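Before any comments, here is the structure.
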Amino acid sequence: MSIDRVHRHIDDHREESLEILKTLIRQPSISAQDKGVKECARLLADIMRKFGISSDVIDTPTQPVVVGEVCKDPRAYTLLCYGHYDVQPPEPLELWESPPFEPTIRNGRLYGRGTGDNKGQLITHVLAARAWLEAAGGPPINLKFVFEGEEESGSKNLGNFVREHKAKLAADLAYVSDGGLHPSGRPTISLGNRGILGITLVAQGADRDNHSGNKGGVAPNPVWMLVHLLSTMVHPSGRVLIDGFYDHVRPIGPTEQKLLATMEFDPKSFATTMGLETIPMDGATYWKRIMLEPYFNINGFISGYVGPGSKTIIPSRAECRIDIRLVVDQKTRDIFEKVKAHVKKVDPRVQVLERGFGTMEASRTNADHPAVGVVGRAIKGVRGVEPFIILSGGGSLPNAVWPNILGVDHIGVPYANADENNHSPNENLSVERFYDGIHVSAQVFQTLAEADTKGELPRRSTT
Ligand SMILES: [Zn+2]
């Protein structure tokens with residue numbers, strides 16, 4: 001069987017694969033500091049070309065995107081593998097046990113900036129494609145690769161890039177390996193993420209702070225303006241009271257409902273990780289809130305005097321910073337307009353500003369999408385265990401570009417160890433997890449091909 005030869009090829013090339021990853025780690029690619037990113041793009045494209053993957057480095061207004069393709073047959077099922085080759089700044093350098101851009105093996109782990117996040121994961125797809133090309137004449141499906149150079153700086157150009165190259169990137173499913181496995185080492189499948197919308201509310205009173213005795217009762221207090229306004233936006237239960245806020249929230253289906261009830265939940269230990277004594281809810285509610293419901297959060301409130309002693313003033317200005325975590329089908333633009341309309345109606349004196357940086361759309365693939373089971377089979381085949389299904393991460397990632405712009409669903413399968421120290425000093429990737437990753441990708445190509453032959457998988461776009 002071809003797939004056996006492919007797995008054997010991966011085993012026979014372990015050292016070489018690790019060397020390729022080390023070469024990538026040695027090339028800094030810090031998007032936040034614009035250090036070495038373009039060089040890394042060229043290096044990555046060269047590696048891909050060497051394996052027979054036709055690859056290009058495509059410029060954007062900031063950092064280039066590396067795209068690659070192995071086309072088996074234009075009519076075959078097409079998987080798009082996304083990753084990012086840029087890394088976080090390595091500082092503080094003194095906390096690294098070995099220099100961040102000198103890949104070093106210690107205790108079965110490869111240490112270096114980008115090992116887990118995300119060079120060590122994106123290259124597994126390339127190495128799996130290589131194994132298929134060399135051991136079986138080519139993968140059983142079409143493969144496309146999109147490796148971004150500024151994910152760590154907010155993926156500012158990814159949406160436009162996908163829009164401009166829609167035809168070139170056309171695929172049936174997007175596959176994303178980023179982040180870590182469950183702390184137990186058990187594999188996971190992640191089906192989406194919540195979105196985020198950052199908003200600042202600004203209330204202005206008098207043009208200066210005023211004496212709260214001499215002017216109290218006459219000069220307007222902007223803190224009260226915001227307190228009154230905020231109380232009309234969110235009910236004490238957490239329910240958002242803004243008109244139309246829940247209009248587009250996708251209903252939770254029976255498969256999701258079932259998974260929620262079976263998800264691991266230990267109120268005591270979960271509470272400890274949050275610095276709480278207990279979490280007063282059952283597991284299904286806990287997970288539903290974090291994964292499938294929006295949340296309107298106040299993350300900062302700035303006003304008045306909070307220094308030593310006291311200063312009895314009526315502050316002249318108050319500012320409230322908000323992040324709203326959105327769920328799939330709630331669009332940031334629509335929600336922003338709804339917040340603005342609400343403020344205009346309740347207190348038009350308050351200014352509503354959008355904090356552009358960090359705004360991301362939510363996305364979520366339904367749990368009963370046939371590819372979920374197909375990818376799960378591939379993972380089980382390699383790792384011997386059933387993966388956890390994470391319906392949606394609570395945080396935000398740029399994956400919404402796949403359904404919203406390219407029109408394809410996405411599935412996330414992280415390959416790194418849970419303690420990869422991504423974004424921290426001593427980032428690392430377990431060498432065994434790295435090899436597992438190559439095997440899993442290779443197997444996913446196979447199970448998708450089999451399922452497609454049986455007509456089990458939806459085709460979202462024509463290639
Ligand atoms: Zn990261």
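The values are calculated or read from the model by the stated rules, or taken from the named source; none is laboratory data. If you're wondering where the values come from, they're calculated on a predicted model, not measured in any experiment. Note that we place each Cβ from the backbone using ideal geometry, even for glycine, and neighbour counts take in every protein chain shown.
Any residue in region 224-233 that is under 30 Å from D56 (Cβ atoms), in contact with an Asp or Glu (Cβ under 7 Å, 6 or more places away or on another chain) and more than 16 Å from the ligand (Cβ to nearest atom)?
no
Kindly list the number of the only condition in (1) part of a helix (DSSP H, G or I); (2) within 17 Å of the chain's Cα centre (by Cα); (3) surrounded by fewer than 21 Cβ atoms within 10 Å (Cβ to Cβ) that fails for V401.
Unmet condition: (3).
Identify, please: which residue in region 272-301 is of a type in the set (A, V, I, L, M) and at pLDDT 90 or above and is, among those, farthest from N366 (Cα to Cα)?
Here the answer is L276.
Go through region 100-116 and count every residue that is more than 16 Å from the ligand (Cβ to nearest atom) and either surrounded by 24 or more Cβ atoms within 10 Å (Cβ to Cβ) or of a type outside the set (A, V, I, L, M) (or both).
9
So for region 20-36 (the condition being touching a Phe, Trp or Tyr at 6+ places or on another chain (Cβ under 9 Å), part of a helix (DSSP H, G or I), in the same structural domain as L93 (by TED's automatic domain parsing) and under 20 Å from A135 (Cα atoms)), does at least one residue qualify?
no
Just checking: which of the helices (runs of 4 or more DSSP H) contained wholly in region 114-191 hold 3 or more residues that are among the charged types (D, E, K, R)?
Hits in region 114-191: 119-136.
Considering only residues that are crowded, with 16+ Cβ neighbours inside 10 Å and among the hydroxyl-bearing types (S, T, Y), which ones fall in region 32-81?
S55, T60, Y77, T78, listed by residue number.
I want to confirm something. Restricting to region 117-134 and keeping residues that are within 16 Å of the ligand (Cβ to nearest atom) and not acidic (D, E), which single residue is farthest from G179 (Cα to Cα)?
Within region 117-134, the match that is farthest from G179 (Cα to Cα) is I123.
Just give me the residues in region 253-296 being aliphatic (A, V, I, L, M) and either in contact with a strand residue (DSSP E or B) (Cβ under 9 Å, 6 or more places away or on another chain) or in the same structural domain as I389 (by TED's automatic domain parsing) (or both), in sequence order.
L259, M263, I290, M291, L292
Could you check how many residues of region 277-294 are closer than 15 Å to G198 by Cβ and surrounded by fewer than 17 Cβ atoms within 10 Å (Cβ to Cβ)?
Number of matching residues: 0.
Is it the case that region 37-54 has a residue that's in a strand (DSSP E or B), away from the ligand (no atom under 16 Å from the Cβ) and either in contact with a Lys or Arg (Cβ under 8 Å, 6 or more places away or on another chain) or among the small types (G, A, S) (or both)?
Among the residues of region 37-54, at least one is in a strand (DSSP E or B), away from the ligand (no atom under 16 Å from the Cβ) and either in contact with a Lys or Arg (Cβ under 8 Å, 6 or more places away or on another chain) or among the small types (G, A, S) (or both), which makes the answer yes.
Pick from R349, R433: which is modelled with pLDDT of 95 or more and either crowded, with 19+ Cβ neighbours inside 10 Å or of a type in the set (S, T, N, Q) (or both)?
Every option except R433 fails the conditions.
For region 225-277, which residues satisfy the criterion of being assigned to a loop (DSSP other than H, G, I, E, B) and of a type in the set (D, E)?
Within region 225-277, D243, D247, E264, D266, E277 meet the criteria.
State which residue is farthest from the ligand (Cβ to nearest atom) when the search covers only region 155-171 and only residues that are in contact (Cβ under 8 Å) with a residue 60 or more places away in the chain and out of contact with any helix residue (DSSP H, G or I) (no Cβ under 8 Å at 6 or more places or on another chain).
K168
Inspect region 431-454 for any residue being within 30 Å of H13 (Cα to Cα) and in a loop (DSSP other than H, G, I, E, B) and give the result as yes or no.
Scanning region 431-454, I find no residue that is within 30 Å of H13 (Cα to Cα) and in a loop (DSSP other than H, G, I, E, B), so the answer is no.
Suppose the filter is of a type outside the set (F, W, Y), under 19 Å from P187 (Cβ atoms) and at pLDDT below 95; does G376 pass it?
The answer is no for G376.
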